[in-house]
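Asks: Please read through the structure below; I'll follow up with questions.
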Amino acid sequence: MSDRIFAGIWLLLCVGGLFVAWQIHSEYAYEPVGPRPFPVGIIALMLLCSALLLLRRPDVVEWPHNAVLQRLVAMVIILLLYAWGFEWLGFPLATALLTAVIGMLFGARLPAALASGVVMGGALWFAFDRLLDVTLPLGAWLN
């Protein structure tokens, strides 16, 4: 029942979002179609998904066990710590630590989690900073 309530509320929010997105106009034409299609398209997809969720046949769902709930709480705490320490630690180190901890939450061994964290932090920093020219913080300890 809760998924139907969520789908109904989300459907109403999407209708309101479509109304707002349809009123987006640009004062100058920088693209042939303008700025309206992207938000309208995304909101229309969300509207379709909420309608399908509202009309689907419900499944029998059991609450997760304590171990699953503990992992979810740990994941939320780790993500909050990542957001808090992002500028201070820097993107490469914070992302490496986040990736390693999430890997361990999903059952990876420590060496594999650390290796994947280092590779992920370094590769994503290189991709964003060098290839996409998006400046990311290196951390207070490097400045």
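Asks: What number goes with the only condition from (1) free of Cβ contacts under 8 Å to residues at least 24 places away in the same chain; (2) surrounded by 13 or more Cβ atoms within 10 Å (Cβ to Cβ) that Ile5 does not pass?
Replies: With (1) free of Cβ contacts under 8 Å to residues at least 24 places away in the same chain; (2) surrounded by 13 or more Cβ atoms within 10 Å (Cβ to Cβ) applied to Ile5, the lone miss is (2).
Asks: Here's a follow-up. Looking at segment 106-141 only, could you name the residues that are part of a loop (DSSP other than H, G, I, E, B) and surrounded by 12 or more Cβ atoms within 10 Å (Cβ to Cβ)? Before you say what the answer is, go through the steps one by one.
Replies: Initial filter on segment 106-141 (part of a loop (DSSP other than H, G, I, E, B)): 106-109, 132-141.
Residues satisfying the conditions are Ala108, Leu136, Pro137, Leu138, Gly139.
Asks: I'm told Gly103 meets every condition in (1) closer than 23 Å to Val73 by Cβ; (2) out of contact with any Ser or Thr (no Cβ under 6 Å at 6 or more places or on another chain) except one. Can you identify the failing condition by its number?
Replies: (2)
Asks: Take segment 49-71 and flag every residue that is surrounded by 14 or more Cβ atoms within 10 Å (Cβ to Cβ) and free of Cβ contacts under 8 Å to residues at least 12 places away in the same chain.
Replies: The answer is Cys49, and nothing else.
Asks: List every residue pair whose Cβ atoms lie under 6 Å apart, where the two residues are 6 or more positions apart in sequence or sit on different chains, the first residue falls within segment 22-48 and is in the same structural domain as Trp10 (by the TED database), and the second residue, located anywhere, is at pLDDT 90 or above and surrounded by 13 or more Cβ atoms within 10 Å (Cβ to Cβ).
Replies: Ile43/Cys14; Ile43/Gly17; Ile43/Leu18; Met46/Cys14; Leu47/Cys14
Asks: For the condition of a type in the set (Gly, Ala, Ser), open to solvent by 50 Å² or more (accessible area, probe 1.4 Å) and more than 30 Å from Phe19 (Cα to Cα), what is the one hit in Ala96, Ala74, Ala83?
Replies: Details: Ala96 fails: open to solvent by 50 Å² or more (accessible area, probe 1.4 Å); Ala74 fails: open to solvent by 50 Å² or more (accessible area, probe 1.4 Å).
Only one candidate qualifies: Ala83.
To keep it simple, each residue is scored yes or no on (1) closer than 23 Å to Thr135 by Cα; (2) touching a Phe, Trp or Tyr at 6+ places or on another chain (Cβ under 9 Å); (3) polar (S, T, N, Q).
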{"site": "Ala83", "(1), (2), (3)": "yes, no, no"}
{"site": "Phe91", "(1), (2), (3)": "yes, yes, no"}
{"site": "Ala96", "(1), (2), (3)": "yes, no, no"}
{"site": "Thr99", "(1), (2), (3)": "yes, no, yes"}
{"site": "Gly103", "(1), (2), (3)": "no, no, no"}
{"site": "Arg109", "(1), (2), (3)": "no, no, no"}
{"site": "Leu114", "(1), (2), (3)": "no, no, no"}
{"site": "Gly117", "(1), (2), (3)": "yes, no, no"}
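Asks: If you don't mind, another one. Evaluate the following for Phe86: is it out of contact with any Cys (no Cβ under 8 Å at 6 or more places or on another chain) and either closer than 30 Å to Ser2 by Cα or free of Cβ contacts under 8 Å to residues at least 40 places away in the same chain (or both)?
Replies: no
The values are calculated or read from the model by the stated rules, or taken from the named source; none is laboratory data. Because the structure is a prediction, the values reported are computed rather than measured. Neighbour counts run over all protein chains shown; Cβ positions are idealised from the backbone, glycine included. Side chains included, ligands, DNA and RNA excluded: accessible areas come from the protein's heavy atoms. Shrake-Rupley method; radii C 1.70, N 1.55, O 1.52, S 1.80 Å.
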